[in-house]
1. Among the residues of segment 108-147, which ones are of a type in the set (V, I, T), crowded, with 20+ Cβ neighbours inside 10 Å and in contact with a strand residue (DSSP E or B) (Cβ under 9 Å, 6 or more places away or on another chain)?
2. Assess whether N114 counts as being assigned to a helix (DSSP H, G or I), out of contact with any Cys (no Cβ under 7 Å at 6 or more places or on another chain) and at pLDDT 90 or above.
3. Being of a type in the set (V, I, T) and farther than 23 Å from V61 by Cα, is that true of even one residue in segment 130-143?
4. Report whether or not A96 is touching a residue at least 24 places away in the same chain (Cβ under 8 Å), among the aliphatic types (A, V, I, L, M), surrounded by fewer than 14 Cβ atoms within 10 Å (Cβ to Cβ) and under 19 Å from A182 (Cα atoms).
5. Any residue at all in segment 148-155 that's aliphatic (A, V, I, L, M), in contact (Cβ under 8 Å) with a residue 40 or more places away in the chain and surrounded by 19 or more Cβ atoms within 10 Å (Cβ to Cβ)?
6. Could you say which residue among P85, P93 is closer than 23 Å to A62 by Cβ and under 14 Å from the mean Cα position of the chain (by Cα)?
7. Does L69 satisfy the condition of being within 20 Å of V170 (Cα to Cα) and at pLDDT 90 or above?
Amino acid sequence: MSRSPRLTSSLTLLAAVFALACDKQPAAPAGAEPNAATAPAAKAKPLQVPRDPNNIVSIAVASKDHTTLVAAMQAADYVASVANPGPLTVFAPTNAAFEKLPAGTVETLLKPENLDALKNVIKYHATTSTYMPTDLKDGQVLAMANGQKVTIHVADGKLRVNDANVIASVRASNGAVHIIDAVLLPK
């Protein structure tokens, strides 16, 4: 898969958004209830975004479509792990993917008492090595960071991981990011 014009223009905006995302969080309107995408998890460490705008974490932080994923990585204290030199491949669910989960799932996972379950879900979205779309073959099985496996499906030029569609792929300085339309749930 090559980068679409929309994805390329989104990546161009990363530098500008990156600076804002590192230093400021938008204020909620008076009386507004925080949601999982905007509310920091209890006792979350300050977000330490790598200086490299092409790093997996920088790409996720700069994306308005991945605020829930970033909040989950921060709550699980995995930002530094995903920012490491790699190589890593991350299957990154969009905010819309998280919204497909049953009501309250994200909020429940972000609670401190559910940290182990949250870490398990996040680790199920990452694997070592860099896998670009051309590297992934139909029926290929990848071992994920949580010790479980996912299966790659390729049909009619479309790529899926388990039941999630890969809607875009981005080469990162420390690996690859495959943007997916569903959250991968470990067994």
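The values are calculated or read from the model by the stated rules, or taken from the named source; none is laboratory data. This one's a predicted model, so the numbers in the text were calculated from it and none came from an experiment. Note that each Cβ is placed from the backbone with ideal geometry, even for glycine, and that neighbours are counted across all protein chains shown.
1. T127
2. Answer is no for this residue.
3. Yes; the residues of segment 130-143 include at least one that is of a type in the set (V, I, T) and farther than 23 Å from V61 by Cα.
4. Considered against the rule, which asks whether it is touching a residue at least 24 places away in the same chain (Cβ under 8 Å), among the aliphatic types (A, V, I, L, M), surrounded by fewer than 14 Cβ atoms within 10 Å (Cβ to Cβ) and under 19 Å from A182 (Cα atoms), A96 comes out as yes.
5. Checked against the condition, which is being aliphatic (A, V, I, L, M), in contact (Cβ under 8 Å) with a residue 40 or more places away in the chain and surrounded by 19 or more Cβ atoms within 10 Å (Cβ to Cβ), segment 148-155 yields at least one hit.
6. Of the residues listed, the single one that is closer than 23 Å to A62 by Cβ and under 14 Å from the mean Cα position of the chain (by Cα) is P93.
7. no
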